Amino acid sequence: MSDLTKMSAAQLAKAIAGKEASAVEVTTAHLDRIAAVDDQVHAFLHVDREGALAAAAAVDRGEVTGPLAGVPIAVKDIVATKGVPTTAASKILEGWRPPYDATIVERLRAAGLPMLGKTNMDEFAMGSSTEYSAYGATKNPWDLGRIPGGSGGGSSASLAAYEAPLAIGTDTGGSIRQPGAVTGTVGAKPTYGGTSRYGLIAFSSSLDTPGPCARTVEDAALLHSVIAGHDWRDSTSIPKPVPDVVGAARLGATGDLSGVKLGIVKEFAGDGSEPGVLSAFHESLEALVKLGAEVVEVSCPHFQYALPAYYLIAPSEASSNLARFDGVRYGLRVGDDGNRSLEEVMSLTREAGFGPEVKRRIILGTYALSSGYYDAYYGQAQKVRTLITRDFESAFERVDVLVSPTTPFVAFPFGSRTSDPYQMYLADLFTIPTNLYGGPAISVPCGLSEGLPVGFQVMAPTMADDRMYRVAAALESAVGTFTPPAL
Amino acid sequence: MAAISREEVAHLARLSRLAVTEEELDRFAGQLDVILQSVARIGEVAADDIPPTSHSVPLTNVYRDDVPVPCLTQEEALSGAPDAFEGRFRVPRILDEED
């Protein structure tokens with residue numbers, strides 16, 4: 001067998017099914033890789049060697065079968081995993097072991113994917129660099145002095161470092177796609193409601209969407225099809241069949257995009273993208289045109305208000321969701337000396353347990369929801385959300401998908417955007433509109449700028465996730481995949 | 001003009017049950033002011049007659065079949081609690097002793 005950690009999930013699944021490699025061998029190879037390189041990368045907050053090997057052994061005994069049986073996976077630490085520590089990279093949940101599995105984790109277990117461990121992230125998924133993790137930042141395998149993106153930097157970095165062939169992320173404003181872009185990996189945000197939120201630690205409930213991270217488009221599609229589908233425990237779960245994303249990815253890989261119309265958004269032009277990002281994007285567009293696609297310019301006049309709308313809606317929902325961390329039912333409790341009141345203990349617990357970005361967003365959200373400001377901020381943002389949705393709907397009357405760079409800049413050096421929080425928010429300029437609309441979007445590597453990966457984003461209409469996989473796979477077939485320097 | 005004052009941030013922190021330090025108040029007030037000035041552009045959009053969108057899934061009144069399914073045991077539900085007593089979450093006192 002060639003190096004098991006360098007193989008794609010599809011190749012590994014085939015090797016395991018054909019008895020060329022056992023699931024235990026494959027899982028062991030990745031656990032050994034984690035042991036060898038994770039002190040440099042810090043993609044993992046917790047490694048579950050025993051649990052992963054037990055799940056792999058069950059596959060080898062023939063107890064579980066399926067298209068990805070035996071292929072190990074890393075799971076973002078915001079997803080509840082029964083008996084396995086789950087902290088959302090926050091001190092307030094240090095040591096918490098959930099008594100239940102998220103729906104997507106149940107599905108991973110049922111499909112025979114051994115879980116290697118839990119990946120690092122910005123605390124409660126608030127950030128674009130993992131610098132807001134309470135447990136230290138993850139390093140980008142392309143350059144250990146640079147950020148791996150966020151919030152799901154650990155999941156994407158684990159793929160780029162060959163510690164895992166697949167990973168789970170969650171995307172509220174770009175937390176799957178932007179880390180994918182800056183680590184040279186694939187990250188897909190499914191249609192909101194296409195994958196279950198049950199068992200995700202809630203950040204912004206109207207936006208949170210779990211999805212697949214992988215090194216190839218086909219692998220992402222395979223994982224997508226394992227985790228997606230209706231779940232009665234999530235009231236915004238869509239009761240419709242999952243689009244054939246795997247078939248679409250394989251169709252796209254044939255390199256034929258005849259008749260496919262790609263929309264470029266006029267309002268995204270000149271929006272502060274680095275020149276290297278723009279040139280990689282335009283070269284990719286030319287590659288797609290050679291495959292038969294047609295490029296059409298469309299106008300989405302309200303996209304310029306997406307970032308402000310998001311930074312009112314998401315913190316508002318977060319300030320409400322994070323009220324549950326009160327030192328009573330789980331996690332940290334500080335200052336309970338027998339003399340202090342419940343309110344004092346709550347305030348001391350939350351002060352000690354939350355990091356600065358989480359506190360900023362709780363305060364911002366509380367402000368936007370307070371009487372006197374509600375209509376001007378939260379209410380207005382929800383109306384703008386309607387207008388952004390209409391922009392998407394009218395664009396999709398003319399084109400099949402919209403395309404853009406995933407993020408305006410390549411991986412930036414640590415510390416370069418933490419002093420001004422708004423500079424960090426700009427990383428999500430191109431990813432946020434989709435979250436407000438609810439449609440699917442994928443980031444696929446499309447080139448390098450100054451030796452660092454650039455991501456190409458494909459956005460599709462709601463429940464047309466298959467379309468984005470087709471276009472992404474076609475681009476991948478034209479430009480290839482990108483390998484970071486050896487660690 | 002500042003969009004948000006230090007006193008307002010202190011008030012919001014208290015509402016949010018965050019015992020922030022004086023140093024944090026100074027820092028957050030400046031940072032939140034920058035953020036609010038940036039998002040205030042949202043007011044430029046003429047949207048009076050536009051209905052709000054709370055989320056993107058057009059479902060209302062979601063039901064499931066009325067079939068009992070297993071749930072967490074009392075022990076499991078209490079397993080993560082910082083403090084539990086006789087099968088319940090134990091909390092610090094809520095009322096002053098003289099109340």
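The values are calculated or read from the model by the stated rules, or taken from the named source; none is laboratory data. Just so we're clear, the structure is a prediction, and the values are computed from it rather than from any experiment. Positions of Cβ are generated from backbone atoms using ideal geometry, with glycine treated the same way; all protein chains shown enter the neighbour counts. Surface areas here come from the heavy atoms of the whole protein model, side chains and all, with no ligands, DNA or RNA. Shrake-Rupley method; radii C 1.70, N 1.55, O 1.52, S 1.80 Å.
Numbers for the structure displayed
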| read-out | value |
| --- | --- |
| Percent antiparallel among DSSP beta bridges (both partners in the protein assembly as shown, rounded to 5) | 70 |
| Shielding by other protein chains, A:331-343, mean Cβ within 10 Å | 3 |
| Sequence of A:Met346, A:Met126 when ordered by accessible area, the most exposed leading, probe 1.4 angstrom | A:Met346, A:Met126 |
| Ellipticity estimate at 222 nm from DSSP helix runs (n ≥ 4, -39,500 (n - 2.57)) divided over chain A, nearest 500 | -11500 deg cm²/dmol |
| Sum of side-chain charges, A:Pro315 neighbourhood, beta-carbon under 9 Å (Lys, Arg +1; Asp, Glu -1) | +1 |
| Relative contact order for the stretch A:332-480, counting Cα pairs under 8 Å that sit 6 or more residues apart, in percent | 19 |
| Chains B and A together, accessible area buried on both sides, 1.4 angstrom probe, square angstrom | 5300 |
| Solvent accessible area, Å² - A:Phe203, 1.4 Å probe, full protein context | 0 |
| Per residue value of the accessible surface for the protein assembly as shown (all protein chains in place, 1.4 Å probe), Å² | 37 |
| Chain A: relative contact order as a whole-number percent, Cα under 8 Å and 6+ apart | 18 |
| Protection proxy ranking of A:280-287, A:414-421 - average other beta-carbon atoms within 10 Å, highest first | A:280-287, A:414-421 |
| Inter-centroid distance (Cα atoms) of the stretch A:377-444 relative to the stretch A:37-98, Å | 30 |
| For the stretch A:1-113: rounded, prolate or oblate by the Cα gyration tensor [a/c cutoff 1.5] | oblate |
| Within the accessible area of the protein assembly as shown (1.4 Å probe), percent carbon and sulfur | 51 |
| Residue-level accessible surface for A:Ser371, protein heavy atoms, 1.4 Å, Å² | 110 |
| Amide H partners (placed H, <5 Å) of A:Val295, local residues excluded | A:Leu262 |
| Overall form of the stretch B:36-99 per C-alpha gyration tensor (a/c, 1.5; a/b vs b/c) | oblate |
| Cα gyration tensor, the stretch A:4-253 - rounded (a/c under 1.5), prolate or oblate | rounded |
| For the stretch A:135-164 versus the stretch B:50-70, the gap between their alpha-carbon centres in whole angstrom | 36 |
| Inter-chain shielding of B:19-26 (mean C-beta neighbours from other protein chains, 10 Å cut-off) | 3 |
| Mean separation of Cα contacts under 8 Å (6+ apart) over length of chain B, as relative contact order % | 18 |
| Pairs beyond 28 Å (Cα-Cα), from A:Lys76/A:Lys383; A:Lys118/A:Lys359; A:Lys189/A:Lys359 | A:Lys76/A:Lys383 |
| Within 10 Å of each Cβ in B:65-73, the average number of Cβ atoms from other chains | 1 |
